[in-house]
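Remarks on the structure that follows.
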Amino acid sequence: MNLNLLRRSIADKRLSILVYAIGVAAYAVMILAIWPSLRENISALNDLWQSYPEGIRKAFGGENMSFATFDGFLSVEYFNQMWVIVMTAFSISIATGAIASEIEKGTMELLLAQPVSRRSLLLTRHLFFELGLLFLIGATLIPIAIGSPLVSGDMSHMGLLAFVVPSFLFFTAIGSATFFFSVLFNSRGTAIFVSLGIIIISYALDILAKINDTIGNVHFLSIFYYWDPYRYLHDIDFAWGDIAVLVTITLISTAAAVYRFERRDIAV
Amino acid sequence: MNEDRPNIICNGLTKYYGSTRGIENLDLEVGHGEIFGFLGPNGAGKTTTIRMLMGMLKPTKGSAHVLGMDAWRESTPIKMNVGHIPGDVRLYENMHVHDLIDYIDDFRPGPDTLRDELIERLNLDVGKKVKALSRGNRQKVAIILAMMYDPEILILDEPTLGLDPLMQQEFYTILGEFRDRGHTVFLSSHILSEVERSCDRIGIVRDGRLVDVRAIEDFRQNKIRHMDVVFGEHVETGEIETLPQVVSAERLDSHMRITVKGDIDALIKLLSAHKVLDLTFTQPSLEDFFLSFYGQSGDKDES
């Protein structure tokens, strides 16, 4: 790990991370703000939710999920929609900016002309990405932790805690896989295209597997199979199985990225 | 520092990009207190060699050692004592120059002994953002980043690109001082005059192969130059051609073009016996140089 590199990464990206943080926090506040008025009509909303086909309900929150609770509403209306998109965009942006973008712009040559090893460079950038993720998760959950007792009272802080670890690891795994593609390609655009393509395919597989039982047996191939916000929030499930899989994906992807980066040519 | 061991050693160093040749079977040694010029036309393999010395490219075959360490496997410790200017300088556009210098400086624990002196001598405004800098000023930043901590070795790829003549002169003065402190410079260029005025030895690379290494004095002795002389009286070309250094003399309109190889002293003395109205020297192009030294095929011509 290289402190100089970490400090510079933070200085370079602080504004964009702040924008992301304000975005996720503001959306959380908006969800909190609209919940009291929705709760008054929750039975109608819940009836509507229950009227959806079982597959659709499975796909967008879980078969047994109830709209009548704040954690259910939060899972469907935020974590499974806007939040997952923003956090995925952040993960891909940071991971591709860390290596592929530097190679593409030619600044990697300046960095590697300094006494910093490729492994140290990659792992420092990875650490920076993880710190960014933690900051964004904090920016999301702190308003919810503070605001939920004021608007509902049915939100468990233990549920939030159970949500933090697998959520952090879910996006760490996505980011780690993207780091590998960032190392593999000379162009940031290609790294984004491939990473995003795999995530979209993975998401589609998750949805289809929930809707259609015949492809349910390949559901485990989707990374989204290992991340279920409602289960963590509502059931206070610490999900050790999901955690183990996400940690494994992270370790394998990061090791592959280091292995490749240490052996590849750096050419502008 | 081991004074007996050359600072740079290449043994059969070869790089292929797929089936495309970068450099082939390069054997080379560069010692302490030496400015070594690596001369060749574009695409000859100069940048490939420099990138392998800097650990950016993995050799296909052979090895490069810098300060006694393998340039690929031990790239990180090597860079504690190596300054580098790439052929295509790319910097962080949104940083201020002083922040960029601080950032690069912080990668090494030692002092940046030459930082302020270089900024002053190169006349660089460090308060500007990088994106506001001209091509020449970017090159100055690259020079400062490479040299500010007075490294044992400088590995420079076309280092004067974009610099005006005055700054080029200052840069070569700085390089000379660097050499006088016992440090090593490995410098690539495709500009003959640049290498000639700054280097102690030159290696000539062509089509991916090192075709010759020689001391600069030896190089000067064998270099062909063109001299255009306007006489104020009639002079026979045959008289000029009697000198052994003169390769040819031909009359062109109002002047005589004399092609001379090596020492020009005898020629100048002969010319002084006549009325000379004007005299100009033309530096040969790199292609002229290769033709004169190595013939069309690039094979060394010892005649």
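Tabulated results
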quantity: Test for B:Lys79: is it without any contact (Cβ under 8 Å) to a residue 60 or more places away in the chain and more than 9 Å from every other protein chain (Cβ to nearest Cβ); calculated: no
quantity: Single condition A:Glu262 does not satisfy, out of (1) away from every other protein chain (no Cβ under 14 Å); (2) surrounded by fewer than 20 Cβ atoms within 10 Å (Cβ to Cβ); (3) in contact (Cβ under 8 Å) with a residue 12 or more places away in the chain; calculated: (1)
quantity: Every residue from segment A:103-134 that is assigned to a helix (DSSP H, G or I), at the interface with chain B (Cβ under 9 Å from one of its Cβ atoms) and among the hydroxyl-bearing types (Ser, Thr, Tyr); calculated: A:Thr107, A:Ser120
quantity: Conditions (1) surrounded by fewer than 24 Cβ atoms within 10 Å (Cβ to Cβ); (2) in contact with a helix residue (DSSP H, G or I) (Cβ under 8 Å, 6 or more places away or on another chain): number failed by B:Tyr16; calculated: (2)
quantity: Within segment B:192-235, tally of residues that are out of contact with any Phe, Trp or Tyr (no Cβ under 9 Å at 6 or more places or on another chain) and farther than 28 Å from B:Leu67 by Cβ; calculated: 11
quantity: Among the candidates A:Ile199, A:Ile215, A:Ile192, A:Ile207, residue that is farther than 19 Å from A:Ser75 by Cα, at pLDDT below 95 and assigned to a helix (DSSP H, G or I); calculated: A:Ile215
quantity: Qualifying residue in segment A:152-160 (condition: aliphatic (A, V, I, L, M) and closer than 25 Å to A:Ile10 by Cβ); calculated: no
quantity: Which listed residue, of A:Val116, A:Val165, is under 27 Å from B:Ile155 (Cα atoms) and β-branched (Val, Ile, Thr); calculated: A:Val116
quantity: Residue in segment B:37-51 that is within 14 Å of chain A (Cβ to nearest Cβ), under 16 Å from B:Leu154 (Cα atoms), without any contact (Cβ under 8 Å) to a residue 40 or more places away in the chain and not β-branched (Val, Ile, Thr) present; calculated: yes
quantity: Selection from segment B:217-261 of residues that are within 27 Å of the chain's Cα centre (by Cα) and assigned to a loop (DSSP other than H, G, I, E, B); calculated: B:Lys223, B:Gln245
quantity: Close pairs (6 angstrom Cβ cut-off, 6 or more residues apart or separate chains): of a type in the set (Asp, Glu) in segment A:131-157, surrounded by fewer than 20 Cβ atoms within 10 Å (Cβ to Cβ) anywhere; calculated: A:Asp154/A:Thr69
quantity: Complete set of residues in segment B:175-211 that are touching a helix residue (DSSP H, G or I) at 6+ places or on another chain (Cβ under 9 Å), over 22 Å from B:Asp4 (Cα atoms), surrounded by 15 or more Cβ atoms within 10 Å (Cβ to Cβ) and of a type outside the set (A, V, I, L, M); calculated: B:Ser188, B:Ser189, B:His190, B:Glu194, B:Glu196, B:Ser198, B:Arg206, B:Gly208
quantity: Subset tally (residues that are part of a loop (DSSP other than H, G, I, E, B) and without any contact (Cβ under 8 Å) to a residue 12 or more places away in the chain) for segment B:262-285; calculated: 2
quantity: Qualifying residues in segment B:55-70 (those that are under 24 Å from the mean Cα position of the chain (by Cα), of a type outside the set (A, V, I, L, M) and outside any strand (DSSP E or B)) - the one farthest from the other protein chains (Cβ to nearest Cβ); calculated: B:Gly68
quantity: Close pairs from segment B:163-175: first over 20 Å from B:Asp150 (Cβ atoms), partner in a loop (DSSP other than H, G, I, E, B), Cβ under 6 Å, at least 6 apart; calculated: B:Gln168/B:Thr160
quantity: Of residues in segment B:108-147 being over 25 Å from the mean Cα position of the chain (by Cα) and part of a helix (DSSP H, G or I), the one nearest to B:Arg181 (Cα to Cα); calculated: B:Asp116
quantity: Residue count for segment B:155-174, restricted to those that are within 14 Å of the chain's Cα centre (by Cα), of a type in the set (D, E, K, R) and surrounded by fewer than 18 Cβ atoms within 10 Å (Cβ to Cβ); calculated: 0
quantity: Per-region count, segment B:132-157, residues acidic (Asp, Glu) and either away from chain A (no Cβ under 14 Å) or closer than 16 Å to B:Leu100 by Cα (or both); calculated: 1
quantity: Matching entry among B:Arg90, B:Arg108, B:Arg73 (being more than 9 Å from chain A (Cβ to nearest Cβ) and not aliphatic (A, V, I, L, M)); calculated: B:Arg73
quantity: Search result, residues across segment B:115-132 that are surrounded by fewer than 19 Cβ atoms within 10 Å (Cβ to Cβ) and not β-branched (Val, Ile, Thr); calculated: B:Asp116, B:Glu117, B:Glu120, B:Arg121, B:Asn123, B:Asp125, B:Gly127, B:Lys128, B:Lys129, B:Lys131, B:Ala132
quantity: Segment A:203-251 - residue that is among the β-branched types (Val, Ile, Thr) and out of contact with any helix residue (DSSP H, G or I) (no Cβ under 8 Å at 6 or more places or on another chain) and, of those, surrounded by the fewest Cβ atoms within 10 Å (Cβ to Cβ); calculated: A:Thr214
quantity: Sole exception among (1) under 23 Å from B:Val205 (Cβ atoms); (2) touching a helix residue (DSSP H, G or I) at 6+ places or on another chain (Cβ under 7 Å) for B:Glu93, by number; calculated: (1)
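The values are calculated or read from the model by the stated rules, or taken from the named source; none is laboratory data. Note that the coordinates shown come from a computational prediction; the quantities given were computed from them, not determined experimentally. Every residue, glycine among them, receives a Cβ derived from its backbone with ideal geometry; neighbour counts consider all protein chains shown.
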